[in-house]
Amino acid sequence: MPWSEQAWQAAAPIYQNILQHPFITELMNGSLDKDCFRFYIAQDALYLGAFSRALALIAARAGDTDTSLQFIRFAEGAIVVEQALHASFFRELAIETAGAPAPAGHHYTNYLLAQAALAPIGNAMAAVLPCFWIYKQVGDYIYQQQQKGSNPYQSWIDTYAGEEFGLLVQKAIAHCDAMAAQATAEQQAQMTGCFVQASRFEWMFWDSAYRQEQWPV
Ligand SMILES: Cc1ncc(CN)c(N)n1
């Protein structure tokens with residue numbers, strides 16, 4: 001069984017929790033409170049800035065030029081494609097600035113940057129994989145389950161359920177599987193741990209937006 005299948009199974013309970021989270025169910029039926037989505041988009045703009053830097057760090061540390069080039073392209077995609085989606089929501093929702101990161105986003109982005117800069121490269125790749133894979137699965141799930149009719153969040157759904165994003169996700173999975181194929185069982189277990197940890201952060205990020213999380217003091 002490829003590493004990615006084992007990793008997905010290890011994170012499956014977290015993924016099920018994500019699908020049942022009210023942020024996702026309400027995004028799917030279009031009833032999600034505008035302020036929650038506004039909060040999410042602003043936090044996600046900050047997230048994408050850090051995520052693309054993490055991808056660029058992995059590109060710099062990769063052991064071969066093909067992998068470097070691919071992670072440079074991933075970093076570019078996070079900035080160009082996803083930030084363009086956010087820019088259109090910034091205009092539509094009259095968001096002036098992204099503001100400061102809330103606790104969950106702060107924790108998540110610092111985790112990714114630390115893995116990308118300091119951890120073994122396989123761990124770093126595994127840590128960024130849920131950012132691709134969970135979004136694709138959630139996008140597809142919503143796309144398949146949603147009722148016909150207009151949804152104010154349709155462009156978000158279409159981006160992550162789309163073919164273009166799907167191709168990126170397949171490439172990210174393949175890079176992780178190639179890395180895991182050369183790794184010891186212990187290194188593979190560490191990669192799985194990073195994948196599960198980042199999946200947990202994905203749940204926390206949506207939960208943070210749903211609660212419009214603030215710093216406690
Ligand atoms: C928090 C988060 N995780 C993942 C993605 C998809 N790259 C995103 N836009 N935001």
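What the table below lists for this structure:
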quantity: Single unsatisfied condition, GLN146 versus (1) touching a helix residue (DSSP H, G or I) at 6+ places or on another chain (Cβ under 7 Å); (2) closer than 20 Å to SER52 by Cβ; (3) away from the ligand (no atom under 14 Å from the Cβ); (4) not small (Gly, Ala, Ser); calculated: (2)
quantity: Pair list, Cβ < 7 Å and 6+ apart or interchain, from segment 123-142 residues that are among the hydroxyl-bearing types (Ser, Thr, Tyr) to residues that are more than 12 Å from the ligand (Cβ to nearest atom); calculated: TYR141/LEU19
quantity: Only listed residue being modelled with pLDDT under 95 and among the hydroxyl-bearing types (Ser, Thr, Tyr), chosen from TYR160, TYR135; calculated: TYR160
quantity: Some residue of segment 83-97 being under 13 Å from the mean Cα position of the chain (by Cα) and in contact (Cβ under 8 Å) with a residue 40 or more places away in the chain; calculated: no
quantity: Selection within segment 45-79 - over 30 Å from ILE95 (Cβ atoms), without any contact (Cβ under 8 Å) to a residue 40 or more places away in the chain and of a type in the set (A, V, I, L, M, F, W, C); calculated: ALA60, LEU69
quantity: Condition met for ALA104 (farther than 30 Å from ALA178 by Cα, buried (at least 20 other Cβ atoms within 10 Å of the Cβ) and in contact with a His (Cβ under 9 Å, 6 or more places away or on another chain)); calculated: no
quantity: Among (1) farther than 25 Å from GLU164 by Cα; (2) buried (at least 19 other Cβ atoms within 10 Å of the Cβ); (3) out of contact with any Leu (no Cβ under 7 Å at 6 or more places or on another chain), the one test that TYR47 misses; calculated: (1)
quantity: Qualifying residue in segment 25-41 (condition: of a type outside the set (Asp, Glu), modelled with pLDDT of 95 or more and more than 24 Å from ILE157 (Cα to Cα)); calculated: no
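The values are calculated or read from the model by the stated rules, or taken from the named source; none is laboratory data. In this text, all values refer to a predicted model and were calculated from it rather than measured experimentally. Backbone-built Cβ (ideal geometry, glycine too); neighbour counts: all protein chains shown.
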